[in-house]
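Participant: I am attaching a structure below and will ask some questions about it afterwards.
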Amino acid sequence: MTSVREATLDVLRQCGMHRIFANPGSTEVAFLADLPDDLEFVLALHEGSVVGMATGHAIATGRPAFVNLHTTAGLGNAVGALATARVNRAPLVVVVGQQDRRHLALEPFLAGHLDGLAGPYPVWVNQPVLAQDVPAAVRRAWHEAVQHRGPAIVVVPMDDWSALIDPALGLAAPRTVRRAGWAPGPAVDEVTSLLDDAANPVVVVGAGADEDRTWDALVSLVERLGAPVWQEAFGARAGFPQDHPHFAGHLPAGRSRLRSVLAGHDVALVVGTGAFRQYPYEPGPLTPDALTVAVVSADPDELHHSRADLAVLADPATLCAAVADRITPRPAGEAVAAVRPERVDPPAPGERMRARHVFAALAERLPRNVVLVEETPSTRPELHRLLPARQPRGFVSAAMGGLGFGLPAAAGLRLGDPTRPVVAVLGDGSSLYGIQGLWSAARYGCGALFVVLSNGRYAVMDRLADRVGGKAPWPAFEDVSVHGLASALGCPARRVTDHPDLVAILDEVVPTLADRTEPLLLDVPVRTEQGFEP
């Protein structure tokens with residue numbers, strides 16, 4: 001274990017910020033006292049001069065300069081100079097002191113409302129949620145300052161500096177960022193060399209790779225590399241053809257299972273997402289110790305919060321195509337044994353259908369170019385296994401996880417591109433958050449198929465309550481008629497209570513999906529599943 005202060009000083013060294021421009025205040029003493037000899041303290045007698053000197057230093061060196069400011073008074077005195085730094089395109093990393101975190105709620109003397117004090121002039125402002133997040137925030141501030149050419153601010157309560165941190169856990173920010181843009185450059189050589197030198201590489205894809213050019217580039221790269229491909233956990237869109245022989249599945253959303261999946265790999269190339277998305281918190285390292293992580297994305301935010309050794313800001317299609325052209329092909333026999341959709345037997349006569357029966361019936365009938373919209377949290381893993389995305393935009397879900405997106409989004413997707421059939425698979429609880437969208441779908445001729453899996457409850461919430469050992473206080477809502485609501489909103493709807501009926505309706509409707517202008521909702525009662533593995 002080491003202190004947050006020592007870990008932050010190491011970040012300063014790694015980023016080449018060996019001078020600290022400051023006018024000291026009491027909220028910064030714990031950071032500044034006993035400064036190591038390899039870091040130089042540069043005093044100015046007013047915060048405007050502090051920032052002015054640092055601005056000149058950044059312009060002269062072309063690199064971010066480090067600034068330390070006192071709480072409200074110091075930051076307030078520096079605002080004019082920070083505005084000048086922004087307009088001068090001078091990158092600065094600015095750490096602002098704050099009162100002790102342990103009694104901030106009481107508004108003690110010298111506590112500051114600092115987030116908006118400098119107005120719109122900082123390129124990024126952050127007060128880490130935990131003291132242990134401070135070193136990563138300072139490293140991210142460095143990347144933000146470089147990316148946006150201006151001052152990036154990190155607010156640090158004074159007691160954070162003495163908190164302990166486990167350096168083995170790594171930082172939630174990349175060590176190195178390269179900016180390649182739309183033209184291949186030196187970053188291509190770095191990524192190519194990393195993959196060529198890898199004994200057992202793996203590729204992870206995300207929503208930012210969901211377009212034709214990137215799919216083509218990734219397929220070429222992966223086939224030459226001979227590596228398995230995993231989809232990010234809870235990805236809102238598919239980043240790779242999920243029926244390809246190299247597709248291995250969807251990454252788990254918890255750290256222990258993630259480490260298990262990535263164990264044995266020495267290099268992970270992450271494309272179109274951050275490294276790595278999670279859902280439930282688990283202690284311990286994010287990835288195996290021996291894994292080198294490189295991230296490629298056109299979104300700087302995805303890069304800056306990734307725990308990565310190398311991050312490349314680039315158009316994923318352009319960079320991956322260039323890497324595919326340069327990489328040394330590996331023997332064809334090293335392809336992964338990919339997970340294939342399992343066979344699902346129909347329910348026995350009189351047995352209530354399960355979600356997997358519906359998914360299997362859809363899988364046998366939906367065309368390759370279908371746009372599948374998902375909002376069924378309790379059965380999403382089964383949907384992924386049985387209904388792989390086979391073309392770009394073949395899978396769409398809510399990136400933020402909130403309910404109510406799927407139903408209206410499906411109508412909009414069909415309205416925006418009437419050349420592709422659209423099928424939305426929704427839980428009944430999910431559908432009720434956006435049910436009024438059916439009126440618009442009917443009114444504007446959005447011929448989407450809405451398949452609602454009805455169990456009359458928030459099944460995933462019931463399971464989460466069971467997991468924490470408590471009794472769910474919310475009731476079931478089995479008396480709500482989704483098909484009745486659909487009809488009232490002008491959308492044709494059918495109640496489908498048995499498997500033969502479902503198959504017959506799908507055989508009737510699916511062949512017409514490409515030409516439909518009238519939406520249809522199928523209300524399908526399903527058995528509530530047990531267990532939940534995000």
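Participant: Tell me, please, whether a residue that is surrounded by fewer than 23 Cβ atoms within 10 Å (Cβ to Cβ) and under 20 Å from GLU28 (Cα atoms) can be found in segment 119-126.
Facilitator: Checking segment 119-126: at least one residue is surrounded by fewer than 23 Cβ atoms within 10 Å (Cβ to Cβ) and under 20 Å from GLU28 (Cα atoms).
Participant: OK, next. Looking only at segment 202-235, which residues are within 16 Å of GLU382 (Cα to Cα) and either of a type in the set (A, V, I, L, M) or touching a helix residue (DSSP H, G or I) at 6+ places or on another chain (Cβ under 6 Å) (or both)?
Facilitator: Scanning segment 202-235 gives ALA233, GLY235.
Participant: Name the single residue, out of those in segment 179-237 being of a type in the set (Lys, Arg) and surrounded by fewer than 19 Cβ atoms within 10 Å (Cβ to Cβ), that is farthest from ILE327 (Cα to Cα).
Facilitator: So, considering only residues that are of a type in the set (Lys, Arg) and surrounded by fewer than 19 Cβ atoms within 10 Å (Cβ to Cβ), the one farthest from ILE327 (Cα to Cα) is ARG179.
Participant: Next question. The conditions are (1) out of contact with any His (no Cβ under 6 Å at 6 or more places or on another chain); (2) of a type outside the set (D, E, K, R); (3) closer than 25 Å to ALA7 by Cβ; (4) assigned to a helix (DSSP H, G or I), and ALA105 fails exactly one of them. Which is it?
Facilitator: All conditions pass for ALA105, except number (3).
Participant: Let me ask something additional. Counting only residues that are closer than 21 Å to PRO388 by Cα and crowded, with 17+ Cβ neighbours inside 10 Å, how many does segment 412-440 have?
Facilitator: Total satisfying the criteria: 10.
Participant: On to the next question. Only residues in segment 33-61 that are part of a strand (DSSP E or B) count as the first member; pair them with residues that are among the β-branched types (Val, Ile, Thr), Cβ under 6 angstrom, at least 6 apart or cross-chain, and list the lot.
Facilitator: Taking only residues 6 or more apart or on different chains, the pairs are PHE41/ILE20.
Participant: Please specify each residue of segment 421-443 satisfying the condition of being assigned to a helix (DSSP H, G or I) and either within 25 Å of the chain's Cα centre (by Cα) or closer than 21 Å to ARG356 by Cα (or both).
Facilitator: Step one: of segment 421-443, the residues assigned to a helix (DSSP H, G or I) are 428-433, 437-443.
Passing the criteria: ASP428, GLY429, SER430, SER431, TYR433.
Participant: Here are ARG457, ARG463: which of them is in a helix (DSSP H, G or I), under 30 Å from ALA233 (Cα atoms) and of a type in the set (Lys, Arg)?
Facilitator: When all the criteria are applied, what remains is ARG463.
Participant: Just one of the numbered conditions (1) hydrophobic (A, V, I, L, M, F, W, C); (2) assigned to a helix (DSSP H, G or I); (3) surrounded by 15 or more Cβ atoms within 10 Å (Cβ to Cβ) is not true of VAL480; which one?
Facilitator: (2)
Participant: Now, a different point. Kindly check whether there is at least one residue in segment 214-221 that is within 18 Å of ASP301 (Cα to Cα) and hydroxyl-bearing (Ser, Thr, Tyr).
Facilitator: No; the residues of segment 214-221 include none that is within 18 Å of ASP301 (Cα to Cα) and hydroxyl-bearing (Ser, Thr, Tyr).
Participant: Would you mind finding the one in ALA248, ALA275 that is modelled with pLDDT under 95, among the aliphatic types (A, V, I, L, M) and out of contact with any Ser or Thr (no Cβ under 8 Å at 6 or more places or on another chain)?
Facilitator: Being modelled with pLDDT under 95, among the aliphatic types (A, V, I, L, M) and out of contact with any Ser or Thr (no Cβ under 8 Å at 6 or more places or on another chain) holds for just one of ALA248, ALA275, which is ALA248.
Participant: Still on this structure, please answer the following. Could you check segment 108-225 for helices (runs of 4 or more DSSP H) lying wholly inside it with 1 or more residues that are in contact (Cβ under 8 Å) with a residue 60 or more places away in the chain and in the same structural domain as LEU251 (by TED's automatic domain parsing)?
Facilitator: Those helices (runs of 4 or more DSSP H) span 186-196, 212-225.
Participant: Going through segment 255-279 one residue at a time, which ones are over 14 Å from the mean Cα position of the chain (by Cα) and of a type outside the set (A, V, I, L, M, F, W, C)? Spell out the reasoning first.
Facilitator: Pass one, segment 255-279, residues over 14 Å from the mean Cα position of the chain (by Cα): 255-269.
Within segment 255-279, ARG255, SER256, ARG257, ARG259, SER260, GLY264, HIS265, ASP266 qualify.
Participant: So which of VAL79, VAL42, VAL93, VAL29 is touching a Pro at 6+ places or on another chain (Cβ under 9 Å) and not aromatic (Phe, Trp, Tyr)?
Facilitator: Numbers: VAL79 fails: touching a Pro at 6+ places or on another chain (Cβ under 9 Å); VAL42 fails: touching a Pro at 6+ places or on another chain (Cβ under 9 Å); VAL29 fails: touching a Pro at 6+ places or on another chain (Cβ under 9 Å).
That would be VAL93, the only listed residue that is touching a Pro at 6+ places or on another chain (Cβ under 9 Å) and not aromatic (Phe, Trp, Tyr).
Participant: Within segment 339-420, which helices (runs of 4 or more DSSP H) (wholly inside it) include 3 or more residues that are free of Cβ contacts under 8 Å to residues at least 60 places away in the same chain and farther than 27 Å from PRO245 by Cβ? Spell out the reasoning first.
Facilitator: Working: elements: 355-363, 380-386, 406-416.
Fully inside segment 339-420 and qualifying: 406-416.
Participant: Could you list all residues from segment 17-46 that are among the charged types (D, E, K, R), modelled with pLDDT under 95 and under 38 Å from the mean Cα position of the chain (by Cα)?
Facilitator: Correct list: GLU28 only.
The values are calculated or read from the model by the stated rules, or taken from the named source; none is laboratory data. Values in this document were obtained by computation on a predicted structure and should not be read as measured data. Virtual Cβ from ideal backbone geometry, glycine too; neighbours counted across all protein chains shown.
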